[in-house]
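Each remark here refers to the structure printed beneath this line.
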Amino acid sequence: MTNSIKFIAHTHSKNGRTDTVRDHLQSVAKRASEYAKAFSAADEARLAGLLHDLGKYGSLFQKRLEGKERGIDHWSVGAWQALKEYREKGVALALTIQGHHVGLQQASKDSLSNLDLKVLNNKHPLNLRLSEPNHENLIDRMNRDGLILPPPTDIPTSLFEWDSGLYTSAMLDVRMLFSTLVDADFIETEAHFNSVDDKNKGYRKPGPPLEADRALEILLNHLDELSSNSKASPNVNQLRKDLLEACLDSALHPQGLFTLTSPTGSGKTLSMLAFALKHAVEHELRRVVVVIPYLSIIEQTVSVYRNLFQGDFGEEYVLEHHSLAGTRGEDAIEDYQESRQRLLSQNWDAPIVVTTSVQFLESLFANRPSACRKLHRLAKSVILFDEVQTLPTGIAVPTLATLSRLIERYNASVVFSTATQPAFEHLNYSVKQYCAGGWEPKEIVPSNLNLFQLARRTNVLWPDLNHRTSWEELAENLKTNERVLCVVNLKRHALDLFDKLKGQGCNEDDLFHLSTNMCPEHRKEVLGEVRNRLEKSKPCRLTSTQCIEAGVDVDFPLVYRAWGPLDSIAQAAGRCNREGKSDIGMVHVFIPEDDVYPNGTYRQAAGIARILKAQDQMDIHDPELFHKYYRELYDLTQPQNQKQELIDAIKRQDFVETAKFYRVIAKDAINVLVPYSLKIFQELKEQVRQEGLTRRWIKRARPYTIGLFRPKRDDPVFDWLEPISVGENKEQEEWFIYLNDKHYNPKTGLVPPESMECLIG
């Protein structure tokens, strides 16, 4: 029996197509079910699709489509029906259905009781009206359309375990179900409005599949070619060969949690990819996701991957996704490939995804539909984390527990890679409080390979802990060496040292500076010139902040490093004699006269390094040193007891507050277009003033943009910041133009005269 009245889900498409509620619910249910098959939750996802827009059968919603009503809630009735019909097994459904418009809320009895239609009819928290006073009418109309809800016995279990006590696991389970629904809903709604005629939807072309066996063959051929043409020493080449073989061997192991601990310069980036591709072949996995902490490393990695695979698989095989890849505004003009990359990034519909730690991890703890939409793609994937020592300890336990759940329930494998592997297994007991799987990784590299001993290319000279080195003394030491890198802890230290070197008569053409005060294009040009000078044995003295320590390929014969965390010292040492061209490189660690640090966590880590030095346990080529270092650090900092607001929100299973308090980068940041290249700066400035903020503009402006901590309203730097409008003079608070070109130094980047607090270290 069918309805005599045709209930409509959306306004007509531009080609006149009508999307009925029946067709929309069926299409979303089918698609969500297909997405959830990867983790055996197809029935539950199908039910979420059937119920998510139940309220669109309401008379007030139909009038809203005619423009006769507004302020109508069409989703809460489906959430309430899920609870009423399926009880505990309907909790994840209710949260998911409620959340597809307002975001995931809270899995508590009090919060869920507020979905009671009597409560909502009396006082709606958003001051909306339900689309139909009597929800039984909606069920009747749904049934008349041939859509029948399955009995509770047909849904024997739910992803969500109401009283498990494993809080991050339970919350991830809800987000994964939520992901299938919101992605299916987005795709089907988009297809309706992009319809090609009055009958046929206009579906986007899906991303290509992961052809892991063929991709692996291409990669291994490339690595053979690199080895044949390498200018590195025989020891370094053997080291890289051993690492690759270890990765290929370990890829045959069962899925799970892995660590990849190998020295800098050993070829981790490509060997890790080889592991992922062979692992995908072995276990029939769907996707490789590469998570990297810094945009500069992402750009290098994406460039390498695209050069490898684009010729054989096309431009959509490698997807780059991070916060600067798009914006809320729409471009009037957008070429096909830009449009495809934007669409695929919405739900990670690509075989190889390269993204930032911020984008990946904050999505895992998000509550908004747009952020969670891609999460279901992580099922049956290999997730590679590079430079994992950068994971903040304050969020370590919930992060590890959530990743453990991805392995335990969603058939993912996770690899943590770095030269200075954190001893996260020391947190295993704490992780098990949130996920039964805990944190017990398997190391990819066998200990008998002794990679760190083979990679011993430097000697480290440690200071007397009671001796302080003045900047003048340090500058004098640097001046006597033609090719030297000095890494310090603060931007003002790097600037002071640069000025001291100039004051001591060093040729300014031989002096270089590196920090995130400089836009990416500026840093790229500096590093290009530095590498060129090192290759030709020309004078080159570089003062830098820690931005050079992870993923930046430079090879100095001599490195100075200010005292800091042990992993930072080791990363700096990785820029010394990287290719093994000298018998031995020298790393001088010193304690500056102004012995201060960027923050308390950094200071605590530097303090643990001092304790180990006092015990004469300082061989940075010994991985056990780092295990001891991290164990001591965790015992001191108690990461399981940090971020109490976050932990409390997780224990309440409050999705809104969890998303609010889970931050990879603690301080809020803004993007600022800076006057590095004045001609390009003027063009970009005039363009964005005329057209507003667009994706195309961001793509062009990104190399000339720096990040600043969001200044306080009374900060003098605001005198020089012009907010960028999105259109119709509507300002946003994320993008600005820096107005004084005299504040941008061609050697040291942006240095505001009155404020340094907003500069990101």
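The values are calculated or read from the model by the stated rules, or taken from the named source; none is laboratory data. Values in this document were obtained by computation on a predicted structure and should not be read as measured data. Heads up, the Cβs are rebuilt from the backbone with ideal geometry, glycines too, and the neighbour counts pull from every protein chain shown. Surface accessibility is based on the protein's heavy atoms, side chains included, excluding ligands, DNA and RNA. Shrake-Rupley method; radii C 1.70, N 1.55, O 1.52, S 1.80 Å.
Residues F416, F313, sorted by accessible area with the largest first, give F313, F416 [1.4 Å probe; ligands and nucleic acids excluded].
Peptides 461-470, 356-365, 271-280 ordered by packing proxy, namely the average of other Cβ atoms within 10 Å per residue, highest first: 271-280, 356-365, 461-470.
For the stretch 669-759, the solvent-accessible area with a 1.4 angstrom probe is 52 square angstrom per residue. Considering only beta bridges that DSSP places wholly inside the chain, some 20 percent are antiparallel. Using the Cα gyration tensor of the stretch 8-194, with a ≥ b ≥ c the square roots of its eigenvalues, what is the shape: rounded (a/c below 1.5), prolate (a/b larger than b/c) or oblate (neither)? Here the stretch 8-194 falls in the oblate category.
Summed over the residues of the stretch 254-448 and divided among them, the accessible surface reaches 30 Å² per residue at a probe radius of 1.4 Å.
Charge dipole (Cα centre; +1 on Lys/Arg Cβ, -1 on Asp/Glu Cβ; no other charges) of the chain amounts to roughly 1080 debye.
Listed here are the pairs K30/K432; K30/K380; K500/K742; which of them are more than 24 Å apart at the Cα? Result: K30/K432 exceed 24 Å. In this structure L403 has an accessible area near 0 Å², from a 1.4 Å probe over the protein heavy atoms. Here's the picture: charge each Lys and Arg Cβ at +1 and each Asp and Glu Cβ at -1 in the chain, and of C247, H100, S158 the one pushed furthest to the positive end of that dipole is H100. Under a model in which nothing but the beta-carbon of Lys, Arg (+1) and Asp, Glu (-1) is charged, the stretch 254-448 shows a dipole of about 620 debye around its Cα centre. In the chain, taking the dipole from charged Cβ atoms about the Cα centre, the farthest positive-side position among T393, P675, S228 is held by P675. Per residue, the stretch 472-607 exposes 35 Å² of solvent-accessible protein surface, assessed with a 1.4 angstrom probe and all protein chains in place. Over the stretch 669-759, the hull volume per residue, using the convex hull of the C-alpha atoms, is 90 Å³. What number do you get for the chain when its Cα radius of gyration is normalised by 2.2 N^0.38 Å, N = residues? The value comes to 1.02. Our summary gives the chain a relative contact order of 13 percent, counting only alpha carbon pairs under 8 angstrom and 6 or more residues apart.
Dipole magnitude for the stretch 8-194: computed about the Cα centre from +1 point charges on Lys and Arg Cβ and -1 point charges on Asp and Glu Cβ, it is near 540 debye.
Taking Cβ atoms as reference points and 10 Å as the exclusive limit, the residues near G394 contribute a net charge of +2, counting Lys and Arg as +1 and Asp and Glu as -1. The order of the peptides 213-226, 444-457 by mean Cβ neighbours within 10 Å, most packed first, is 444-457, 213-226. Of all lysines in the structure, those lying under 17 Å Cα to Cα from K6, and not within fewer than 8 positions of it along the same chain, are K56, K63, K199. Each Lys or Arg adds one and each Asp or Glu takes one away; over the other residues whose Cβ falls under 11 Å from the Cβ of V587, this sums to +3. Here the peptides 187-195, 491-499, 595-603 are ranked by packing, the mean other Cβ count within 10 Å, and the order with the highest first is 491-499, 187-195, 595-603. Taking 24 Å as the limit for the C-alpha separation, the pairs K231/K278; K538/K679; K241/K581; K581/K747 exceed it in the case of K231/K278; K538/K679; K581/K747. Here the accessible area is traced with a 1.4 Å probe on the protein chains. For the chain, carbon and sulfur cover 46 percent of it.
In the chain, the calculated helix contribution to ellipticity at 222 nm averages -13500 deg cm²/dmol per residue, counting -39,500 (n - 2.57) for every DSSP H run with n ≥ 4. Between I611 and R456, what FRET efficiency comes out of the Förster formula 1/(1 + (r/R0)^6) with R0 = 22 Å and r the beta carbon distance, rounded to 0.05? Here the calculated transfer efficiency is 0.35.
Rolling a 1.4 Å probe over the protein heavy atoms leaves H321 with an accessible area of roughly 30 Å².
Set the Cα radius of gyration of the stretch 182-325 against 2.2 N^0.38 Å, with N its number of residues, and you get 1.30. Checked against a 25 Å cut-off, the cross-linked pairs K89/K201; K14/K699; K84/K660; K205/K374; K442/K524; K491/K685 give Cα-Cα distances beyond that limit for K89/K201; K14/K699; K84/K660; K442/K524; K491/K685.
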